[in-house]
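A short write-up of the structure that comes next.
Laboratory data are not the source of any read-out in this text; all were calculated from the coordinates shown. Nothing here was measured: the structure is a model prediction, and the numbers come from that model. As a convention, Cβ positions derive from the backbone with ideal geometry for all residues, glycine included, and neighbour counts pool all protein chains shown.
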Amino acid sequence: MYNFALAFVICAVLYLIGDVVSNLTKAWVPSVFVTAVIILIGYWTIIPKTLVTDSVLIPFGSTIGIYLLISHMGTVISIQQLLEQWKTIVICLAGLAGMCALSFLICPMFMSMDLVMSGLPPLTGGIVAATTMQSAAQAASEAAAAAGNAEVAAQMAEAAVFAIVMYCVQGFAGYPLTAVCLQLEGKAYLKKFRAGEIKVEKADKDVDADSGNFKAATAAKKKLIPPVPDKWNSAIMILGKLGVCAWLATQFGTIQFPWGTISGAVWALVFGVILTAIGFLDENALNKANSYGIIMFALMMYVFDGLKDCTPQMLAQIIGPMIGLIVVGVAGMGILVFVLSKILKTSFLLSFATALTALYGFPPNAIITENTCKALAANDEEQEALMGHMFAPMIVGGFTTVTITSVIIAGLFAGYFAF
């Protein structure tokens, strides 16, 4: 009875359970955590460790799927709109710098550098950073095993699992901290608003609350490459053009610079932005091709497949380092964000909240912000004012940390695991 089709169905059911729990808890309990826990327990009991491989999602998700997704990220970034939130960008970058700096300074005192290197990129961002580090550490493990170095192979395997576990649990630190910051910021803002000290700020209409993407300007600017007519611009056409971007990224990823190579993931993001700006790629490409869901599903199952190597004993060993890295990293982020918020004269609470988007990204950043505004506002006017004050910075924060910077950090850190 068990074959590739049933394996696919089982993967879908496990994935859906996580989504249901996340929706019921309004993203306070992240879907990735729920699915990861179920799969991990399943691997220890009744689920075959070859489940994801049997579903035939692995080759796609771990190769072209991840490159298509990163290229797609470049199609949803509006350079002009990001520049309007330049203070948010600077603060988020400073926060990530503080996270990395303090982690490098303190964490090696109580955990191996292998775990620091594999855990930091997922902590600074999302799935792309996690899969990049998982793949790099797993490749190093396989190379070490082939060379007969069992000890190094085991260490690298542990680092690969650590990257995935970090990605699955980091939100539990980010959600409550963000909620507290937004609650305090919102109350302070409403106090001034009700006293007539500030004018109403309308919510940023350039941000789509459903997708977290910046909407295209009403009057579209003419681009270097004219758009493909709708009757020819099919899903395959859009995917094919993303494939060109992915191919260019793989080629540039092999170029040797004086300091080494730059990961193809970084190039995919860079080319995604450039090719969208000149008109070659469609804006919000994967969603336009109705392909985002299946690609994300394949990529997520590839991530969860990495948990098959996690034994109860290994999990017990990495829980301490995981908590330590999160605490130290968030502390480092808070310190630099506090300094920058004073220099740029911005609210520390809102600044810290935007930087914390690194720990969960979209859609939780949008959901937490909207729910906070609804809870604090006494009427529609107050809710509109709060949304105008907090929503756009929170979305830009997610783009800066998860979509852009974490990919670059992971691309740089991946070289550490070259064996």
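The length gained on full extension between Ala378 and Leu16, counted as 0.36 nm times the residue separation minus their Cα-Cα distance, comes to 126.8 nm. Each of Tyr2 and Ile46 was given a label point 7 Å from its Cα along the Cα-to-Cβ line. The distance between the two points is 1.1 nm.
The angle between the Cα long axis of helix 171-194 and the longest principal axis of the Cα atoms of the chain comes to about 0 degrees, rounded to the nearest 10. Computed extension gain for Val9 through Ala143, at 0.36 nm per residue and net of the alpha carbon distance, reaches 44.9 nm.
Pairs of Cα atoms in the chain fall into 10 Å distance bins, from 0 up to the last occupied one, in shares of 5, 21, 32, 27, 13, 3, 0, 0 percent. Any idea how far the Cα center of segment 324-342 sits from the one of segment 234-309, in Å? Here the two parts' Cα centres lie 31 Å apart. Taking every C-alpha pair closer than 8 Å and separated by at least 6 residues, the mean separation divided by the residue count of segment 229-379 gives a relative contact order of 15 percent.
By the beta-carbon count within 10 Å of each Cβ, the least crowded to most crowded order of Trp267, Trp232, Trp247, fewest first, is Trp232, Trp247, Trp267. Annotation for segment 1-100: chymotrypsin sites (Phe, Trp or Tyr not before Pro) lying in DSSP loop with at most 16 further Cβ atoms inside 10 Å of their Cβ are Tyr2. Ellipticity at 222 nm from helices only: DSSP H runs of n ≥ 4 in the chain, each -39500 (n - 2.57), divided by the residue count, give -22000 deg cm²/dmol. If you fit an axis through the alpha-carbon atoms of helix 127-146 and take the longest principal axis of the Cα set of the chain, what angle between them do you get, 0 to 90°, nearest 10? Helix 127-146 sits at roughly 20 degrees to that axis.
Roughly how tilted is helix 235-252, in degrees to the nearest 10 and between 0 and 90, from the longest Cα axis of the chain? Rounded to the nearest ten degrees, it is 70.
Of the cross-linked pairs Lys223/Lys345; Lys192/Lys374; Lys87/Lys374; Lys222/Lys345; Lys192/Lys342, those separated by over 28 Å at the C-alpha level are Lys223/Lys345; Lys222/Lys345.
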